Amino acid sequence: MLIVGCDYHPGFQQIAFVDTETGEFQERRLQHRGEAEKFYRDLAARGVKVRVGMEASGHARWFERLLAELHLELWIGDAAEIRAKRVRKQKTDRQDAQHILTLLVQDRFPRIWVADWENRDLRQLLWHRHRMVQTRTRMMNQLRAVALNEGLRCKKRLWGKKGRQQLESLRLAPWATRRRRDLLELLDRLNPLIAELTQAIEQEVEKHAEAQRLMTHPGVGCVDSTGLCTGDRNRGAVSVRQANRELSRFGSG
């Protein structure tokens, strides 16, 4: 087996690897994506059994997909624990790769749970809807400020048919009028988009019995339950405080 310690960066990766059968040790610096992809594809073509260890990174999705496609084993480790196990204070890319390799060889690598691709794609749906809701809220706050500045105080009624008519009938300066019009047009485009994303989440809930059970709790809707179900299955039951922290990440819209 070839064990690879990988110090991953967005533009390149520094690797240190050892062949467990021959004891041969090598180091390389691979540029992304060309050199790195060629290196791992060549290993897969030769039928070499490979285990790659790296710190958790937010910009390595293409690399994870590549190794999964080539059926090469990838271990992702807790970055804080990996740093805590370092003895030397000096830190370079080469030493980071060597350190990860040492942890792998000594069976001390702090491997973490990683969601499958279906789960991670579902998180993209939740995150996208969450961002769209945030954008809509910012627009609504701006329009509410316009109304308040003109003496119109409707609270939630501002978004009803009558409130909308009152908001559109306000006499404003030219650029303020343009701002109001643009915000209302964007709001009209966002509402059906968010409704479509919400419907997609509701369809996902039907596929997950655990999400349906969570929705039996008061105040837990389809977005909250789906968000909780995309977490670590290996953690078991979570406390109420942990659940509330998870729920706050997604918002209810």
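The values are calculated or read from the model by the stated rules, or taken from the named source; none is laboratory data. The shown structure was predicted, so the numbers you read here are calculated from the model rather than taken from an experiment. Heads up, the Cβs are rebuilt from the backbone with ideal geometry, glycines too, and the neighbour counts pull from every protein chain shown. Only protein heavy atoms, including side chains, enter the accessible area calculation; ligands, DNA and RNA are left aside. Shrake-Rupley method; radii C 1.70, N 1.55, O 1.52, S 1.80 Å.
Among the β-branched types (Val, Ile, Thr), more than 30 Å from Arg61 (Cβ to Cβ) and out of contact with any strand residue (DSSP E or B) (no Cβ under 8 Å at 6 or more places or on another chain): which single residue out of Val146, Val205, Val133 fits that description? Let's see the steps before the verdict.
On the way: Val205 fails: more than 30 Å from Arg61 (Cβ to Cβ); Val133 fails: more than 30 Å from Arg61 (Cβ to Cβ).
Checking each option against the conditions leaves just Val146.
Answer yes or no as to whether Ala209 is within 24 Å of the chain's Cα centre (by Cα), of a type in the set (A, V, I, L, M) and more than 19 Å from Thr135 (Cα to Cα).
So Ala209 passes the test.
If Asp42 meets every condition in (1) within 24 Å of Gln124 (Cα to Cα); (2) open to solvent by 50 Å² or more (accessible area, probe 1.4 Å) apart from one, which number is that one?
All conditions are met except number (1).
If you go through the range 91-122 one residue at a time, how many are modelled with pLDDT of 90 or more, among the basic types (Lys, Arg) and in contact with a Lys or Arg (Cβ under 9 Å, 6 or more places away or on another chain)?
2
When both residues are 6+ apart or on different chains and their Cβ atoms are under 7 Å apart, which pairs have a first residue that lies in the range 21-34 and is in a loop (DSSP other than H, G, I, E, B), and a second that is exposed (fewer than 14 other Cβ atoms within 10 Å of the Cβ)?
From the range 21-34, the pairs are His32/Gly11; Arg33/Trp62.
Which of the residues spanning the range 92-107 are surrounded by 11 or more Cβ atoms within 10 Å (Cβ to Cβ) and outside any helix (DSSP H, G or I)?
Thr92
Collect the residues in the range 7-30 that are within 25 Å of the chain's Cα centre (by Cα) and either over 22 Å from Lys91 (Cβ atoms) or open to solvent by 80 Å² or more (accessible area, probe 1.4 Å) (or both), keeping them in residue-number order.
Across the range 7-30, the qualifying residue is only Pro10.
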